[in-house]
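Notes follow once the structure below has been shown.
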Amino acid sequence: MGEVTDQIVEVVLKALAGGVFVLAFAALAEMLTPKRLAGVFCAGPSVALASLIVTAGIAGVPDVLASARGMQIGALGFTLYCLIAAPLLRRWGAWRGALAALAVWGVVAAAGYTLAPQGLLGVRPPAVPAPLPQPAALELPPPPARLS
Amino acid sequence: MRDWAVRFAFGAGVSALAGMVSVLAGPRAGGLFLAFPAILLASVTLVAKEEGVRQAGQDVAGATFGTVGLIGFAVVVALTVTDWPLWLSLAIATLTWAALSLALYAAVARLRL
């Protein structure tokens, strides 16, 4: 019961923090023109910052690392989403075009999650070098006896 | 005022979604949703309603630069968070996002002139 409560608290904290950070980035975007530059802030790390801070406080750094690896895949999907969404908006309108392009994000996320467990760069913890094998003790034949 | 409520709701919603996925399937799966296009979706529909689909398309074009920055953000966090203090890792990652996004924006804007 206590663990479930903790998980609910974690999700609620992430939701509140995410909402606040999104508003902060939206306020920055409102101050910017042209619209294309404001659009940069629609792909700002607002949700990521909020979630990673809460994750670090509750679950610790290993979970932040795992989240960042997953986020690399999600961000790649987001890039492809934008490239596909732009023509779809013109063809199908805002809602239908933007929603249809979500399929691209879903495919990239699912494929990347399956195929790239270490993220895009294959970041791994530093490997500990294995100890060098010790040479086997040489068994030399006894020296030849002197004749003189 | 309603626009801000919508943006807050989308931000809270996608953060809650990422949190729930993280609880149910692990932090790596939850991390996927830290770069989910929900905020852009909210912005595009609001801008399209108020200023037309053409302006909404400009929003999406700009967001493309931001998403490249997001990849940089996630890579920097993954590379540094185990060795650096969290605040420093997130600060450098955010600066990386801004530098990559704005440099790409400036480069493309210059090419179009």
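The values are calculated or read from the model by the stated rules, or taken from the named source; none is laboratory data. Everything numeric in this text was worked out from a predicted model, so none of it was measured. Neighbour counts run over all protein chains shown; Cβ positions are idealised from the backbone, glycine included. Each accessible area value is taken on the protein alone, full model and side chains, heavy atoms only, with ligands, DNA and RNA left out. Shrake-Rupley method; radii C 1.70, N 1.55, O 1.52, S 1.80 Å.
A few comments on the model shown:
- Couplings for the stretch A:75-86, taken from phi via the Karplus curve 6.51 cos²θ - 1.76 cosθ + 1.60 with θ = phi - 60°, read 5, 4, x, 5, 4, 5, 4, 4, 5, 7, 5, 4 Hz in order; Gly and Pro are left as x.
- For chain B, the relative contact order works out to 19 percent when only alpha carbon pairs closer than 8 Å and six or more residues apart are counted.
- Helix-only mean residue ellipticity at 222 nm for the protein assembly as shown, each DSSP H run of n ≥ 4 adding -39500 (n - 2.57), per residue, nearest 500: -26500 deg cm²/dmol
- Note on exposure: A:Ile8, A:Ile84 ranked by accessible area (1.4 Å probe, complete protein assembly) read A:Ile8, A:Ile84, with the most exposed listed first.
- Average beta-carbon neighbours from other chains, 10 Å sphere, peptide A:102-115: 2
- Rounded to whole numbers, the Karplus 3J(HN,Hα) couplings from phi for the stretch B:7-24 are 5, 4, 5, 5, x, 5, x, 6, 5, 5, 4, 4, x, 5, 5, 4, 5, 7 Hz, using 6.51 cos²θ - 1.76 cosθ + 1.60 with θ = phi - 60°, and x at Gly and Pro.
- Accessible surface buried once B binds A (1.4 Å probe; total of both sides; Å²): 6200 Å²
- Other protein chain Cβ atoms within 10 Å, averaged over every residue that makes up A:55-67: 6
- Accessible surface of B:Arg7 - all protein chains present, 1.4 Å probe, nearest 10 Å²: 40 Å²
- Largest to smallest accessible area among A:Asp63, A:Asp6 [probe 1.4 Å]: A:Asp6, A:Asp63
- Over the protein assembly as shown: Rg over Rh, Cα atoms, Kirkwood Rh: 1.23
- Shown are A:Met31, A:Met71, B:Met20, B:Met1, whose ranking by accessible area with a 1.4 Å probe and every protein chain present, most to least, is B:Met1, A:Met31, B:Met20, A:Met71.
- Near B:Ala106, once Lys and Arg are set to +1 and Asp and Glu to -1 for all other residues with Cβ below 15 Å from its Cβ, the sum equals +3.
- Most mobile of B:Leu88, B:Leu34, B:Leu100 in a GNM of chain B (Cα contacts under 10 Å): B:Leu88
- For chain B: rounded, prolate or oblate by the Cα gyration tensor [a/c cutoff 1.5]: oblate
- Peptide A:21-31 shows a mean partner chain C-beta count of 4 within 10 Å per residue C-beta.
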